Every structure is written in C-alpha cells, then in structure tokens.
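The structure appears below as structure tokens.
The values are calculated or read from the model by the stated rules, or taken from the named source; none is laboratory data. Only a predicted model underlies this, so the values are computations on that prediction, with no experimental measurement involved. We place every Cβ from the backbone using ideal geometry, glycine too, and count neighbours over all the protein chains shown. With ligands, DNA and RNA removed, areas are computed over all heavy atoms of the protein, side chains included. Shrake-Rupley method; radii C 1.70, N 1.55, O 1.52, S 1.80 Å.
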Amino acid sequence: MKNFKAHILVVDDDDGIRNLVKQYLSQNDFLVTTAKNSEDAQKKTKIVKFDLIVLDIMMPGKTGLEFTHENKSKIDTPILLLTAKGESSERIEGLEVGADDYLSKPFEPKELILRIKNILNKTKLKVSKTRIYYSLSILLIILPVLFVKIYKKLLAWLKTVSYTHLRAHE
C-alpha cells in the first residue's frame with residue numbers, strides 16, 4: 001500500500017520559481033498544485049483542502065502576507081512563506097499573521113523539503129489527536145443509541161417469549 005501523498009499548493013508570481021518548486025516537491029513524492037497569485041490561490045483553496053501552502057510574499061495584487069492574514073483562520077492549512085527579503089521584520093510579520101514557517105530566497109531545495117516535512121509532521125499529530133477525539137465523541141453518541149435499540153428489541157422478545165410461555169401453560 002502506497003503512503004499518503006501530501007497535497008501542496010505552491011503560490012508564486014514568478015513562473016520559473018513556481019515550476020522549479022513544483023519540480024522539487026514532485027520529485028520528493030508530493031502532489032503539487034500551483035497558483036500564479038493570491039487570487040488564483042484563493043479560488044483553489046475554496047475547492048481543494050491542501051495539506052500545506054508554500055506562498056511567496058512579494059506578489060502583485062494581494063501579497064502573501066495579506067493572503068495569510070485574511071485566510072489563515074478560514075482554511076486551517078499550514079503556510080510556509082517564501083521571500084526574496086530576509087529581513088527579520090518581515091519574517092516576524094509573517095509569523096504574526098499566522099504563517100507556520102518562513103524561508104528566504106534563494107534557498108536550498110533540501111531545506112525546503114525538510115521544512116515542509118517538519119510542518120506536515122506537526123500537523124499530522126494535531127489531525128491524529130482531533131480524529132481520536134472526534135471518534136470518541138461519535139462513540140459516546142452512538143453507543144447509547146445502540147443500547148436503547150438493543151434494549152427495546154430485547155424487551156419485545158421477552159414479551160413474546162413470556163406471552164408464548166404463558167399461553168403454553170394454560
């Protein structure tokens with residue numbers, strides 16, 4: 001059985017960088033969708049639940065920081081910001097608006113892969129805990145309902161058996 005492939009959205013207005021990142025990620029067994037800007041990314045996140053977004057900060061129109069700020073609470077998807085600027089103020093602002101990590105361009109492809117895997121591992125742990133709690137809460141709802149159904153069937157059966165038993169002794 002093949003392992004689950006994480007689905008990553010790569011958002012960058014530079015075709016060359018976008019395609020290069022897509023190639024790196026695809027070679028490392030990730031499923032990749034690309035978007036040329038924040039508006040394109042917005043449309044795609046409404047249709048698909050991505051496991052992670054790799055997002056350039058400096059884009060025409062809505063910047064990566066604006067996209068992150070506006071959408072982080074809505075989409076609940078980890079975001080790794082990419083930027084040509086390595087200034088600490090921009091990194092801090094990115095983390096303040098909800099980014100999960102930050103990587104300055106140019107970057108080593110291996111570092112990008114490692115950062116993505118680290119974010120996905122942390123996210124997977126959260127998802128696993130959520131699924132466990134969800135499963136337990138479903139059980140707490142279903143078990144009493146099943147118990148009531150079984151109890152009613154048992155009572156109906158006992159009435160039948162008792163009635164039949166009494167009629168046999170008359």
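Regarding segment 120-134, can at least one residue be identified that is farther than 22 Å from Y24 by Cα, in a helix (DSSP H, G or I) and at pLDDT 80 or above? For segment 120-134, residues farther than 22 Å from Y24 by Cα, in a helix (DSSP H, G or I) and at pLDDT 80 or above: absent.
Of all residues in segment 39-63, exactly one satisfies the criterion of being open to solvent by less than 10 Å² (accessible area, probe 1.4 Å), assigned to a loop (DSSP other than H, G, I, E, B) and within 17 Å of K105 (Cβ to Cβ), namely I57. Among the residues of segment 73-92, those that are closer than 18 Å to Q42 by Cβ, not aliphatic (A, V, I, L, M) and not in a loop (DSSP other than H, G, I, E, B) comprise S73, K74.
Of all residues in segment 16-31, those that are more than 16 Å from K5 (Cβ to Cβ) have Cβ atoms under 7 Å from Cβ atoms of residues that are of a type in the set (S, T, N, Q) and modelled with pLDDT of 95 or more, 6 or more apart or on another chain, in R18/T34. (1) at negative phi; (2) at pLDDT below 80; (3) surrounded by 14 or more Cβ atoms within 10 Å (Cβ to Cβ): which one isn't true of D101, the others all being true? Here D101 meets the rest and fails (2). Just one residue in the set E70, E66 is part of a helix (DSSP H, G or I), in contact with a helix residue (DSSP H, G or I) (Cβ under 9 Å, 6 or more places away or on another chain), open to solvent by 70 Å² or more (accessible area, probe 1.4 Å) and over 22 Å from T123 (Cα atoms); that residue is E66. Scan segment 81-96 for residues that are out of contact with any strand residue (DSSP E or B) (no Cβ under 9 Å at 6 or more places or on another chain) and either surrounded by 13 or more Cβ atoms within 10 Å (Cβ to Cβ) or modelled with pLDDT of 80 or more (or both) and the total you get is 1.
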